[in-house]
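Worksheet: the structure to be examined is printed underneath.
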Amino acid sequence: MSELPPRRSLKRWLVTTNHKDVGVMYLVTAMFFLLLGGIFALVFRAHLWEAGGTGLLSGSEFNQSVTSHGLIMVFWFLSPFATGFANYVVPLQIGADDLAFPRLNALSYWFYLFSGILFMLAFFQGGSFGGGWTMYAPLNVPTYTLAMEATAGSNMTIIALMMFVMSITFGTVNFMTTIHRMRAEGLGLWNMPLFTWSWLLTVWMMLFAFAALLAALLLLSIDRVFLTQYFATDQGSSLLWGHLFWFFGHPEVYIVFFPALGLMFETFQTFTGRRLVGRKWVIIAMVLVAVQSFLVWMHHMFLTTINLEIKTLYMATTIGISLPFDLMVFALIYTMVKGRVRFTTPFLFSLGALVLFILGGITGVFLGAVVLDYEFRGTYWVVAHFHYVMVSGVTALVGGLYYWWPKITGKMYHEFAGKVHFAAYFIGFNLLYFPMFLTWETPRRVFHYQAGDLIWHQLATVGAYFFGFSFLIMFGNFAWSLLYGPKAPDNPWKFSRTAEWAIPSPPPLDNWPGRPTYRSGKLEFVDDSAETATDGGEADDPAVATDGGTTVDDTETDDDDDPIIMTDGGTVINDEVTDKVTDQPVATDGGAVTDATIDADSADEAATTHEEAHIDHASIWPFMLGLSTFIMFAGLSGMTDVIIELFSTEMTNHLGQEAVSDQASVGRIADSGSIRPNYIAAFLGGLGLLLVSLFKLGTEDFTGPTMNIAERWPFEGIDTTKFGVWVFLASDVIVFGAAIGAYIFMRLWSGWETFHTIPSAAWPGLLNTYILLTSSFTVILALVMAERSNKKGVLATLGATIVLGLGFLGIKSWEWAEKFSHGDYWFSGIEYSMYYVTTGLHALHVIMGLLIGIFMLYRVYTIDAYLGDNRHLEYFGLYWHFVDIVWVILFPLFYLM
Amino acid sequence: MPENPQTGATGDDTHEEAISDAHTEYVIMSSIRTYTVVYILLMVLATAKVGFHGLGLGNTAFIGIILVLATVKILLIAGYFQHLIEEPRSITYMMLTSLFMVLLLVAAAGYSIQGA
């Protein structure tokens, strides 16, 4: 078993990789950021008590407060809050022991936490970013305007956000792999619980959307630190940011809302005692929304100079996306009608969320119409609309906290206090946000408004404080629960249907008393060793439908008071919803059935066998990786001054004396000679620690969960880690695609034919093409040599790959040096920025590949690694070939066209 | 049946292992041949790009040719070096979806500024 320290030990929380621990850490950290974001809101709402501001905040402080509130709530609270639930619940709902990559999961959390610390640190580094949570160009770059100022703090905000997005990327790869590769036997996709369904679609959307944001933030960070020109020109920069940001930004609405929606489906089923009406259609509707979410982003750009044809098209797609939502809303309403509602606290919050979402959705349709949007854009109408949508999601998630609180803590909360909380929350919410519809002509992000709107703003401010106060009730309730609350049973909700309620509250470290399986149509725990002895160990039962149609023997429901828990998929065991509370079996939802009663003896016996699987739950290296990246990025944020110092003469030649002197003056963080070396030391020290931590992580002996028998459609026939690598590459396709797309977009803007290309000759690019293609070939040969267990062969071919990679970098360095000698730098103009950044990003990938290659070479040399088992070499090869493919595109784009 | 004193295997076992080893070796050699052919093709296609560049074709024609050559190269690398042809088709679909997203972003954004 694991060597995980007890819960009361701080060390446990630093080293744990267990999904439940990580889930709790996500939830607690997200709640902290909810408070922080809430305090910012209360401060600027106080400032808005009078038209023109009360004087509580300066103009810059108001900008920073509004921006920080938006960024914290959207990024550091909402998504991580849902991620916390997903961490805790999704593996339980699908019957997995843990997430597919537990250390990556812990890494994801530590990147999240440290990115938040970096964000907060920004306030102490000359001021945080104040350009709004949408970070519109060109206000987001210091070279264009002094309004945003090139402080290390505002750089730090952007870099913190980039680190947060990296955390999301790790989580996405992990959840995609887990849900697609580790579902218990018999748990087909149709049968998956609806929260897990919503989360699966969320991570699919995250995969594509957050990768686009990562690319945008990479470019923006480079603009801010190295003073490139992506978002600083009047040659399409503003539109470029708009496209990149909103390609992420609109799916983000659903990324935030889908987990809440999944929670509403779960709680509606549980507290109406009724399977969700039209369950399969609801799943199809969710899939449709996930697809459509990538087809509506330009409705956020109706006020820009994009052409009318595309505006009209996007108006149509925007109206179209409301249709699947209509189906989901009616499914929820009809489920209430068909069932018998129990107004518990989680249900009240879910119902409240539905009401708020309907209002938010209807008011959003106004913004989807081009002509109306011309009026509403940039006003409090938008503020009110998106708060009704986003905070309705929060409402459902708060309901989720009450719903899963007994499972997570093992304690019941106070029901009446929960209902009081809901009442205060709902009143406070509407008092805060509804007046914003009435004062819709107020421009957002400023504290000046018409005198006639005073009453609405003051009402909103009162509502804000009331709304904030309601959370104190919740925290009080939970504190009471932890101290004095009655012990929670395994399943406190009579008609809950999912597997997490079939095990103790809180669940044991390894979750299950045996291998979970749904092959009989209900959840059972199998002792594989016993099964092997009796029937040969082949667990597959061809008669079991895995995608919906599971057959259930309804006689099983008659014997006891424990509920038969189904995770749905359309199976009905008894389609009468009973009126008697004591009657447990209710046909609601979900495909597979969880029988919450497990024979204790067989469970213990099975547990013994199950424990033999032994998976690890502790590693310090994810924490160290997070810490070292944090230190490195903190140092990076102060590098703007270093760049200015080093290249001031060259910048003067290109930008003009005035611009450079402005840069130097706003880089006031460097006014004391001791600060700048600190940033450099932090950057280099963090980088060093990062490399050491990566090495230690790579050499650590760590056993993750494996599932020999699992439902994996449509991703069976590939090993789990390799699938994870492919998911990562799918994400990287978007990152590179967005960077390359930025080049194409800016070139189209300038005129394709007249665009000034940078490389003076094609031959260095061709030579590098030959080198990379050859290195791809040597990687493949290394794979073959490993298969033959030919150590010398592996060393020679892998070594050749590294030499070729270094050769590639050598030629690239020569090319750049040659350009520099002619006075052509990355800040010399947008075309130069794009050349250096895009090829530089590719070179960075080559460097990362080389580090992995050198590590593998060391492992082959020292411990004969990978001989006879070349899987890890293949994973490396997948990455290296991808880098090769990117060059296949970059070479003609930059050198030949 | 004589038994191998080193391994305990019978003669039949040894014979089967020898056949199996030979088969594995055949598969490996055949894959090396495939990889080599793909590598040569990739080098030729890379050279062809520069060759067409030197012909002074019209911009549209040249871009079209480059797109075709690059697509063939990418398919060869992904299909054979990354073994995509041997993986479940769903992996290919996932990567195509990712590629589609990029094309969607670039095409729609590019179109949005035409005639604006």
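The values are calculated or read from the model by the stated rules, or taken from the named source; none is laboratory data. Computed from a predicted structure; not experimentally measured. Heads up, the Cβs are rebuilt from the backbone with ideal geometry, glycines too, and the neighbour counts pull from every protein chain shown. Surface accessibility is based on the protein's heavy atoms, side chains included, excluding ligands, DNA and RNA. Shrake-Rupley method; radii C 1.70, N 1.55, O 1.52, S 1.80 Å.
On inspection, A:M135 qualifies as away from every other protein chain (no Cβ under 14 Å) and over 29 Å from A:Q93 (Cα atoms).
Just wondering, is there one or more residues in the stretch A:808-817 that are open to solvent by 30 Å² or more (accessible area, probe 1.4 Å), more than 27 Å from B:L45 (Cβ to Cβ) and at pLDDT 95 or above? Looking for residues that are open to solvent by 30 Å² or more (accessible area, probe 1.4 Å), more than 27 Å from B:L45 (Cβ to Cβ) and at pLDDT 95 or above, one finds at least one in the stretch A:808-817, hence yes.
Does A:F891 fit the bill of being of a type outside the set (A, V, I, L, M), touching a residue at least 60 places away in the same chain (Cβ under 8 Å) and buried (at least 20 other Cβ atoms within 10 Å of the Cβ)? Spell out how you get there, then give the answer.
On the way: of a type outside the set (A, V, I, L, M): yes; touching a residue at least 60 places away in the same chain (Cβ under 8 Å): yes; buried (at least 20 other Cβ atoms within 10 Å of the Cβ): yes.
Spelling it out, A:F891 is indeed of a type outside the set (A, V, I, L, M), touching a residue at least 60 places away in the same chain (Cβ under 8 Å) and buried (at least 20 other Cβ atoms within 10 Å of the Cβ).
When only residues in the stretch A:752-770 that are open to solvent by less than 30 Å² (accessible area, probe 1.4 Å) and within 11 Å of another protein chain (Cβ to nearest Cβ) count, which is modelled with the lowest pLDDT? Step by step, filter the stretch A:752-770, then rank; the result is A:A762.
Here B:S112 clears all of (1) polar (S, T, N, Q); (2) within 30 Å of A:H300 (Cβ to Cβ); (3) open to solvent by 40 Å² or more (accessible area, probe 1.4 Å); (4) at the interface with chain A (Cβ under 7 Å from one of its Cβ atoms) except the condition numbered (3). Taking the criterion of being within 21 Å of A:G352 (Cβ to Cβ) and open to solvent by less than 30 Å² (accessible area, probe 1.4 Å), the residues of the stretch A:423-444 that qualify are A:A424, A:Y425, A:G428, A:F429, A:L432, A:Y433, A:P435, A:M436, A:F437.
In the stretch A:72-80, is there at least one residue being more than 24 Å from A:L636 (Cα to Cα), surrounded by fewer than 23 Cβ atoms within 10 Å (Cβ to Cβ) and not aromatic (F, W, Y)? Checked against the condition, which is being more than 24 Å from A:L636 (Cα to Cα), surrounded by fewer than 23 Cβ atoms within 10 Å (Cβ to Cβ) and not aromatic (F, W, Y), the stretch A:72-80 yields at least one hit. Cβ separations smaller than 8 Å between residues 6+ apart or across chains give the following pairs from the stretch A:859-872 residues that are on the phi < 0 side of the Ramachandran plot to residues that are part of a loop (DSSP other than H, G, I, E, B) and open to solvent by 40 Å² or more (accessible area, probe 1.4 Å): A:V860/A:L867; A:L867/A:S789; A:L867/A:N790; A:R871/A:D719.
With respect to (1) touching an Asp or Glu at 6+ places or on another chain (Cβ under 9 Å); (2) facing chain A (nearest Cβ under 7 Å), the lone exception for B:H53 is condition (1). Only residues that are farther than 15 Å from A:W133 by Cβ, aromatic (F, W, Y) and within 11 Å of chain B (Cβ to nearest Cβ) were counted across the stretch A:227-250, and they come to 1. If you go through the stretch A:430-477 and pick out every residue that is of a type outside the set (A, V, I, L, M), over 25 Å from A:D373 (Cα atoms) and either outside the structural domain of A:T379 (by TED's automatic domain parsing) or touching a Leu at 6+ places or on another chain (Cβ under 8 Å) (or both), you end up with 7. What number of residues within the stretch A:205-242 are surrounded by fewer than 24 Cβ atoms within 10 Å (Cβ to Cβ) and of a type in the set (F, W, Y)? Count: 1.
Restricted to the stretch A:771-787, and to residues there that are at the interface with chain B (Cβ under 7 Å from one of its Cβ atoms) and farther than 17 Å from A:D884 by Cβ, the residue that is surrounded by the fewest Cβ atoms within 10 Å (Cβ to Cβ) is A:V784.
Cβ-Cβ under 6 Å, sequence separation 6+ or interchain: first residue in the stretch A:253-274 and under 12 Å from A:S496 (Cα atoms), partner in a helix (DSSP H, G or I) and open to solvent by 10 Å² or more (accessible area, probe 1.4 Å). Which pairs? Sorted first by the residue in the stretch A:253-274, then by its partner, the pairs are A:T272/A:M336; A:R274/A:K338.
With the structure loaded, tell me whether B:I91 is facing chain A (nearest Cβ under 8 Å) and modelled with pLDDT of 95 or more or whether it fails that test. When the stated conditions are applied, B:I91 passes them.
Taking the stretch B:59-77 as the search range and keeping residues that are within 7 Å of another protein chain (Cβ to nearest Cβ), open to solvent by less than 30 Å² (accessible area, probe 1.4 Å) and of a type outside the set (V, I, T), which one is farthest from A:L773 (Cα to Cα)? Full working, then the answer.
Here is the first cut: in the stretch B:59-77, the residues within 7 Å of another protein chain (Cβ to nearest Cβ) are B:59, B:63, B:66, B:70, B:73-74, B:77.
Okay, now just the ones that are also open to solvent by less than 30 Å² (accessible area, probe 1.4 Å), so B:66, B:70, B:73, B:77.
From what's left, of a type outside the set (V, I, T): B:70, B:73.
Details: B:A70: 13, B:K73: 10 Å.
The qualifying residue farthest from A:L773 (Cα to Cα) is B:A70.
For the criterion of being of a type outside the set (S, T, N, Q), open to solvent by 10 Å² or more (accessible area, probe 1.4 Å) and under 19 Å from A:L261 (Cβ atoms), A:L201 passes.
Table: residues versus (1) assigned to a helix (DSSP H, G or I); (2) facing chain B (nearest Cβ under 10 Å); (3) of a type in the set (K, R).
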{"residue": "A:V837", "(1), (2), (3)": "yes, no, no"}
{"residue": "A:L841", "(1), (2), (3)": "yes, no, no"}
{"residue": "A:L850", "(1), (2), (3)": "yes, no, no"}
{"residue": "A:L867", "(1), (2), (3)": "no, no, no"}
{"residue": "A:H872", "(1), (2), (3)": "yes, no, no"}
{"residue": "A:V883", "(1), (2), (3)": "yes, no, no"}
{"residue": "A:F891", "(1), (2), (3)": "yes, yes, no"}
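Scanning the stretch A:57-97 for residues that are under 18 Å from A:W404 (Cα atoms) and in contact with an Asp or Glu (Cβ under 7 Å, 6 or more places away or on another chain) gives A:V89, A:P91, A:L92, A:Q93. Going through the stretch A:723-737 one residue at a time, which ones are open to solvent by less than 20 Å² (accessible area, probe 1.4 Å) and either farther than 20 Å from A:G242 by Cβ or more than 7 Å from every other protein chain (Cβ to nearest Cβ) (or both)? Matches in the stretch A:723-737: A:F723, A:G724, A:W726, A:V727, A:L729, A:A730, A:S731, A:D732, A:V735, A:F736. Of the residues making up the stretch A:303-333, those that are in a loop (DSSP other than H, G, I, E, B) and surrounded by fewer than 22 Cβ atoms within 10 Å (Cβ to Cβ) are A:L303, A:T304, A:T305, A:N307.
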